[in-house]
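Accompanying notes for the structure given below.
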Amino acid sequence: MTLLSVQGLNVAIHGTPILRGVTLDIAPGQIVALTGESGSGKSMTALAVMGLLPQGAVATGRVMLGDADILTTPEPALCAMRGRDMGMVFQEPMTALNPVQCIGDQVAETILVHGKGSRAEARAAAQDMLARAGLPPDRFPLTRYPHELSGGQRQRVVIAMAIALRPHLLIADEPTTALDVTTQAQILDLLKGLVADFGMGLMLITHDLAVVAGIADRIVVMRKGEVVEQGATGDVLRHMRHPYTRMLFDASRHRVSLPPRPAPVPLLELRNVVRDYRVPAKRLFASAGRFRAVDGVSFTLHRGERLGLVGESGCGKSTLTRAILGLEPVQGGEITLDGAPVFSGGRPNLDVRRRMQVVFQDPFGSFNPRHRVARLITEPFHLLDNPPDRDTSVAEALRAVGLSPGDADKYPHQFSGGQRQRIAIARALIIKPDLIVLDEAVSALDVSVRAQVLDLLADLCRSHGLSYLFISHDLSVVRSVTDRVLVMRAGKIVEQGETETVFTAPSHAYTRTLIDAAPVLPDWQDTPDPDPDRSLANA
Amino acid sequence: MNRNLIIGTALTAVFVLAALLSFVWVPYDIETLDIPNRLKPPGGAHWLGTDHFGRDILSMVMTGARTSIAVALVAVGIGMGLGVPLGLSAAALRGGGLDEFIMRGNDLIFAFPSLVIAILITAVFGPGAVNAIIAIGIFNIPVFARLTRGAALGLWGRDFILAARVAGKSAGRISVEHILPNIANLMIVQGTIQFSLGILAEAGLSYVGLGAQPPMPSWGRMLAEAQTLVSIAPHVALFPGLAILLTVLGLNLMGDGLRDMLDPRLRVIRA
Amino acid sequence: MPSLRGMGYFIDSFTVTACVIPRHRLRGDEPPCSIRKPTGQAAMIRYVLSRLTSLAISLIVASLVIFLVVEVAPGDPASYMLGVNARPDTVAALRIELGLDASKPQRYLSWVSGMVTGDFGTSYTYRSPVADMIGDRLWISLPLALYALALSTLIAFPAGIYAASRRGGAGDTAVMGATQLGIAIPNFWFAMLMVLVFAIKLRWFSAGGFPGWERGFWGGIKALTLPAVALALPQAAILARIMRSSLLDMLGEDFIRTARAKGLSRRQALWRHALRNALIPVLTIIGLQFSFLLAGAIIIEQVFFLPGLGRLVFQSISQRDLIVVESVVMLLVFAVITVNFIVDLAYAAVDPRLRTGR
């Protein structure tokens, strides 16, 4: 029995084809994962199923939910189906809720808008659903506003809203991508439990193959608007019949080979670094409080070493980064590079500054859109008293990151995300710094591009003897490109050590929680089918 | 090119050209009174008719354009010249005492509508076009300061500014090199809107006698003089008002068109 | 920064919309909400107190600015009042009577303390209390501005909502075209045209003058109707545009998509979710418009021969009766600052993030 049956779905927006011949089925109680890189059409498929395609989109084919074809159902009937027969959870919990309406009203609205009960009944049902979604009424009364909740809690509200009428089909579009790894694990558990309890079908859209492997009954791999491969999870992972699937999995599991590190000579040293922020007082007439974002952090990064820094959002990683770069003063302790302070006499120390560079996360925000590549990557020359010849340095730097010297005259918008990240690395390399800080430098990239950029880093370690501080929330990436790792939590370094040791035998409870929560890709390729009955049943 | 921009630029150009032409040629000398030909309706020798002194209204509207455009243009210049640097510094020192001071000062000026500033200034120094310019100019400062600060703050949080800071560039240099070029579009669009508001404000001030003084011709004063004649010669009041309407409309359309062309996501201040 | 918060609602025009999936987590290492959030009620009281402080500071600074500007005016009021032939000892006596012999700080303090108790000083020209002169006239200018504000809001809200709900359609285009004209029209000229049509040709209204409130409320309202419409329409045009663009911004937000996913129609999502959020910037503009309407009222009074503050202030300027000008200007500024304070409170009513601390 199928719940949802998509047959030959084509979608074009203003004549540009977005989806081509997408076909997939979802049965009640089944979790089907749609996966693929950016532009693969995963989200558009979900919107087509919800009947929420953007204006200007033309869809052909059939999207059968029960007996109704979504594509031919008129809008008023679709409104009646949305929320009742199908619910949806979105990627960004921070913006998915109406900021000026309390959470109880927002959940109750699902019931009220479908006329499934009085106001009082709806509120009672909302309370039950919020409790089921993990927000018990004693701690999270209905009168809470979204801004009073964390990202994970807001996502629970969105889920409660989507399941309030127990729809047959739940669509979750990257529901955990914006969340921390420990929260992600909880939300995935919740979704899994709901599917089991309510017998819903779940369409889970995610780019993260490790998540897919852990939760899905079936996998649908998409690329550029087409389904390249689909089947039962174990079957797809074991055989990977399509080369794209194989590439995707290889890239996700990619391990770079780092050159051996030289004998330890201290380069960057932090001793008891403290960074405080002023915050508004908690009570009326109380003096302003302080928030300690970085609390007594000490570590040493040696020359030629690749050091990782992991932690969840809000742990103080970015604050620490800015302090190391000398962009902000610290309130205690000291940060030195080769013994010289990065921040002295109330201002950044330029002698030190010229020996450090940084690569940021967002490949679209790191460049002034009005400047050409040559001007962008030579910006650090400002730090040098006698900058080297511009043209040769530009050509050299671009070649080092795998671009051509001819790219120097282009504007940043002419490059893809991965290429831009290469340009950002070129900008960091051009003054041959002793240390590069990579601040979530590969987090916004697709897995295949990410693998290439990580390889580039390893190459540069070999050719340039690079030392870097690699800051990331992504444990698997940190594990693959660092020699040693620091684990940060609430402003403190709770554990540090050799990367492999920390990952295989974590000594701090928090580190263990992090590692346990992070989904891992199983290596099923070479193992025999563990449960042939199950994969047959789902096929 | 979009339609708004074409219509707006054409309308604006007509009045700017008329103003420029009036320096070298107008149909009739506006300083010569021709009482026998007073309050002639439009047509014949006087396309737009004559006023109560027999002066040619077309010639007066052309010469009046000079005053309106000059006052509004200089006032926008004052507002931009002072407001943009203030906004840039406030953003560069965001959260600091000077930022607070600049923004508080801005709020204070917002509490004095341009007419109130003009009343204060004329009460003390007497009425005149220069004082009108100062009053409108002062009022423009916080508009540009606020807009600049808001836009610049958005940019200061961006990674490319952080990269420039890592490259050791000073706040001032970053403001000029990175922030200013990225907010230029917004300033051009807002400048057009403030220009049109300046023309409206000048007309209002001249109408109540706080702006251009005789013999300087001005659309606002023409309307003030026409007020008692509305019932017997509506055309005397019609044309100067239409001139204001069309110039302001032209500038607004131009502003909208420029925004659509440069970046439709720009958000300007309209008040 | 009071009231103009929404003004800075310049929405980052440089936001990159290109889709690098997955958008990945926000990197903000901001302290978690629970740490920086004060408790609800304290936050609300703190908010009101901070707005009140800001109100008081604005009033003090504004009064200082006005006082100092008037101080630099050339000429001595006492000699001006007595004429050129007055004897020096008479002038000196009048100076003492008017308190002009005191030091500047003393005079500032007595001016301010006088205003607090309702004593605005004595007119140089008429030798009568300024408070009495202002009193009656204020009850024309202030109702006119409020009347216009109400009209502007009543016209702008439906027009803006209508245009936003029919984005790109014929109705939207028509409303936007009308607002384009409305913004460009000088209100005093529009007032003259209305006098021509409704007073002179149709004779529905009188061409000017004011019967006085004591002759009946509706007579007063009728006399203020044409002036209020003239004032309101251009402001309504601006407000309708803001309402529309603010609504359209909100309709593009994620929470509208969430609302649609739970079964709300486009129209329901607009009314139940977009509207209240869209009000936040609109409130700012309403606050700002009040100051324009008050100033505009002064000009419009000239068209309709209304004996309001405008008449008084222009008369006083020509007679160099600076103490009257000073008081009227202070009163106008006081009204503007107070309205912006009320707008701040309205913000808190609309936006729970202000009530409970962000």
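The values are calculated or read from the model by the stated rules, or taken from the named source; none is laboratory data. All of these numbers come straight from a predicted model, not from anything done at the bench. Note that each Cβ is placed from the backbone with ideal geometry, even for glycine, and that neighbours are counted across all protein chains shown. For the accessible areas, the whole protein counts, side chains as well, though only heavy atoms, and no ligand, DNA or RNA atoms are used. Shrake-Rupley method; radii C 1.70, N 1.55, O 1.52, S 1.80 Å.
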- Task: Return the total of residues in the stretch A:19-56 being buried (at least 24 other Cβ atoms within 10 Å of the Cβ) and over 25 Å from the mean Cα position of the chain (by Cα).
- Result: 2
- Message: Given the criteria within 29 Å of residue B:260 (Cβ to Cβ), among the small types (Gly, Ala, Ser) and buried (at least 23 other Cβ atoms within 10 Å of the Cβ), does residue B:184 qualify?
- Response: no
- Query: Does at least one position in the stretch B:14-34 carry a residue that is over 29 Å from the mean Cα position of the chain (by Cα) and of a type outside the set (D, E, K, R)?
  - Reply: yes
- Query: Residues in the stretch B:227-246: is at least one open to solvent by 20 Å² or more (accessible area, probe 1.4 Å), touching a residue at least 12 places away in the same chain (Cβ under 8 Å) and not in a helix (DSSP H, G or I)?
  - Reply: yes
- Could you tell me whether residue B:210 is surrounded by 24 or more Cβ atoms within 10 Å (Cβ to Cβ) and assigned to a loop (DSSP other than H, G, I, E, B)? yes
- Taking only the stretch C:280-298 into account, find how many residues are open to solvent by 10 Å² or more (accessible area, probe 1.4 Å) and more than 9 Å from chain B (Cβ to nearest Cβ). 4
- Can you work out which of the residues in the stretch C:299-358 that are within 14 Å of chain B (Cβ to nearest Cβ), open to solvent by 20 Å² or more (accessible area, probe 1.4 Å) and part of a loop (DSSP other than H, G, I, E, B) is farthest from residue C:74 (Cα to Cα)? C:305
- Only one of (1) at negative phi; (2) in contact (Cβ under 8 Å) with a residue 24 or more places away in the chain; (3) under 20 Å from the mean Cα position of the chain (by Cα) is not met by residue B:111, so which one is it? (2)
- Mind telling me which of the residues A:59, A:68 ends up being away from chain C (no Cβ under 13 Å), surrounded by fewer than 18 Cβ atoms within 10 Å (Cβ to Cβ) and more than 27 Å from the chain's Cα centre (by Cα)? A:68
- Query: For the stretch A:355-378, how many residues are within 7 Å of chain B (Cβ to nearest Cβ), of a type outside the set (S, T, N, Q) and in contact with a Pro (Cβ under 8 Å, 6 or more places away or on another chain)?
  - Reply: 2
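If you check C:255, C:210, C:205, C:198, which single one turns out to be facing another protein chain (nearest Cβ under 10 Å) and either outside any helix (DSSP H, G or I) or aromatic (Phe, Trp, Tyr) (or both)?
Just a single option satisfies the conditions, and that option is C:255.
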- strands (runs of 3 or more DSSP E) completely within the stretch A:202-293 that count 3 or more residues being at pLDDT below 90 and within 13 Å of chain C (Cβ to nearest Cβ): A:266-279
- Failed condition for residue A:192, given (1) touching a residue at least 60 places away in the same chain (Cβ under 8 Å); (2) part of a helix (DSSP H, G or I); (3) under 18 Å from the mean Cα position of the chain (by Cα): (3)
- Here are A:374, A:397, A:323: which of them is farther than 23 Å from residue A:461 by Cβ, at pLDDT 90 or above and crowded, with 23+ Cβ neighbours inside 10 Å? A:323
- Message: Residues that are over 18 Å from the mean Cα position of the chain (by Cα) and within 22 Å of residue B:65 (Cα to Cα): does the stretch B:195-207 have at least one?
- Response: no
- Query: Could you list, in sequence order, the residues of the stretch C:80-104 that are open to solvent by less than 50 Å² (accessible area, probe 1.4 Å), part of a helix (DSSP H, G or I) and closer than 18 Å to residue C:323 by Cβ?
  - Reply: C:81, C:91, C:94, C:98
- Message: Within the stretch A:294-391, considering only strands (runs of 3 or more DSSP E) that don't extend past its boundaries, which have at least 1 residues that are more than 24 Å from residue A:474 (Cβ to Cβ), touching a strand residue (DSSP E or B) at 6+ places or on another chain (Cβ under 8 Å) and not polar (S, T, N, Q)?
- Response: A:332-337
- Does the stretch A:88-110 hold any residues that are open to solvent by less than 10 Å² (accessible area, probe 1.4 Å) and more than 7 Å from chain C (Cβ to nearest Cβ), and which are they? A:89, A:93, A:103, A:104, A:106, A:107, A:108
- Message: If I filter the stretch A:451-469 for residues that are within 14 Å of chain C (Cβ to nearest Cβ), in contact (Cβ under 8 Å) with a residue 60 or more places away in the chain and open to solvent by 10 Å² or more (accessible area, probe 1.4 Å), do I get at least one hit?
- Response: no
- Task: Go through the residues of the stretch C:229-247 one by one and say whether even a single one is outside any helix (DSSP H, G or I) and either within 12 Å of another protein chain (Cβ to nearest Cβ) or aromatic (Phe, Trp, Tyr) (or both).
- Result: no
- Message: Given (1) more than 10 Å from every other protein chain (Cβ to nearest Cβ); (2) touching a residue at least 40 places away in the same chain (Cβ under 8 Å); (3) open to solvent by less than 10 Å² (accessible area, probe 1.4 Å), identify the lone condition not met by residue A:135.
- Response: (2)
- Given the structure, is residue A:448 more than 11 Å from every other protein chain (Cβ to nearest Cβ), more than 23 Å from the chain's Cα centre (by Cα) and not aliphatic (A, V, I, L, M)? no
- In the stretch C:105-134, what residues are assigned to a helix (DSSP H, G or I) and of a type outside the set (A, V, I, L, M)? C:105, C:106, C:107, C:108, C:110, C:111, C:113, C:114, C:132
- Message: Given the criteria in contact (Cβ under 8 Å) with a residue 24 or more places away in the chain and in a helix (DSSP H, G or I), does residue C:275 qualify?
- Response: yes
- Yes or no: residue C:199 in contact with a Lys or Arg (Cβ under 6 Å, 6 or more places away or on another chain) and more than 30 Å from residue C:83 (Cβ to Cβ)? no
- Query: Which condition number in (1) open to solvent by 10 Å² or more (accessible area, probe 1.4 Å); (2) under 20 Å from residue A:102 (Cβ atoms); (3) more than 9 Å from chain C (Cβ to nearest Cβ) is the one that residue A:148 fails?
  - Reply: (3)
- Note on the structure: Given the conditions (1) surrounded by fewer than 23 Cβ atoms within 10 Å (Cβ to Cβ); (2) more than 30 Å from residue A:422 (Cβ to Cβ); (3) within 12 Å of chain C (Cβ to nearest Cβ), every one holds for residue A:312 apart from (2)
- Those residues that are modelled with pLDDT under 90 and either closer than 21 Å to residue A:383 by Cβ or outside any loop (DSSP other than H, G, I, E, B) (or both), I need them from the stretch A:413-428; list them, please. A:413, A:414, A:417, A:418
